[in-house]
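Notes for the one structure printed next.
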Amino acid sequence: MGDPKKQRKKYDPPRFPWRTDVLQGELRLLGQYGLRNKRELWRHKTMLSKFRGSARSTLGMSEEEGKKMKIQLLNRLNRLGILPETAGLDDVLDLAIEDILERRLQSLVFNKGLAKSVYQARQLITHGHIAIGKKRVTAPSYLVPRLEEAHIEYSPSSTIANSDHPLRQTLISLPPKTKTIENATEEGARS
């Protein structure tokens, strides 16, 4: 038997982790998007940093060298639903961490009204109650491509798929969703 492959960190921690503004910003995002810990946030920040780095290096290249990289980067961000089709490299540099966090399965499940809170959305996903098409997805941090977004639903094998399930009844009795994640967390903080 060989040695198992060593796991590598998929994130870079912040340079100044003990600055008050950094800590407060991270805690706000953790609560707003229902993240489990800061490593989840740092992983998405590292991803954003790599997208921006690719855009900066592409801008520094000559026209013909950078054209292929530019198209690949913009197509990837468009497929993920982070940027629209008409976006350019300047739009990549303007991306914020919230743009990526909004594309997580957990955020989309809450925004579609399949769960009462982002925390409940996380629980439903990890317990296997959410599917994209016919495929069950159990990773709340899964970045949902634009084409798969319309296919997010309760898993057919889940008990919650039954419209008489108590969870579904409480969701039906709630007013229609006009909330975003930001508004819901602000209301939760007030009560």
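The values are calculated or read from the model by the stated rules, or taken from the named source; none is laboratory data. This structure is a prediction, so every number in the text was calculated from the model and none was measured. Backbone-built Cβ (ideal geometry, glycine too); neighbour counts: all protein chains shown. What goes into the accessible areas is simple: the full protein's heavy atoms, side chains included, and nothing from ligands, DNA or RNA. Shrake-Rupley method; radii C 1.70, N 1.55, O 1.52, S 1.80 Å.
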FRET efficiency for D91 and T159, using Cβ-Cβ distance with R0 set to 35 Å, rounded to 0.05: 0.25
Chymotrypsin sites (Phe, Trp or Tyr not before Pro) restricted to the range 15-97 and DSSP loop, no more than 11 other C-beta within 10 Å: W18
Among K68, K112, K45, residue whose mean-square fluctuation peaks in a GNM of the chain (springs only between Cα atoms under 10 Å): K68
Extension reserve of the R146-R36 stretch, reckoned as 0.36 nm per residue once the Cα distance is removed: 37.2 nm
Calculated log₁₀ intensity ratio I(q)/I(0) where the Debye formula runs over C-alpha points of the range 1-72, q = 0.17 Å⁻¹: -0.79
The chain - mean residue ellipticity at 222 nm from DSSP helices (-39,500 (n - 2.57) per run, n ≥ 4, rounded to 500): -15500 deg cm²/dmol
Accessible surface, per residue, of the chain when the full set of protein chains is kept, probe 1.4 Å, Å²: 64 Å²
Peptides 160-167, 136-143 ordered by average Cβ neighbours within 10 Å, highest first: 136-143, 160-167
Under 17 Å from the Cα of K45 - aspartates and glutamates, other chains or at least 8 residues apart: D12, D21, E26, D91, D94, E98, D99, E102
Residues of type lysines that K50 reaches as a straight line, Cα spacing below 25 Å, ignoring anything fewer than 8 places off in the same chain: K5, K6, K9, K10, K38, K67, K68, K70
Fluctuation leader among M69, M47, M61 - the chain, Gaussian network, Cα springs under 10 angstrom: M61
Most mobile listed residue (D99, D90, D21) in the chain, GNM with C-alpha springs under 10 Å: D21
The range 1-102 - percent of accessible surface contributed by carbon and sulfur, probe 1.4 Å: 51 percent
Using alpha-carbon coordinates, inclination of helix 38-60 to the longest axis of the chain, degrees: 40 degrees
Förster radius 35 Å - calculated FRET efficiency between R8 and K134, Cβ distance, rounded to 0.05: 0.60
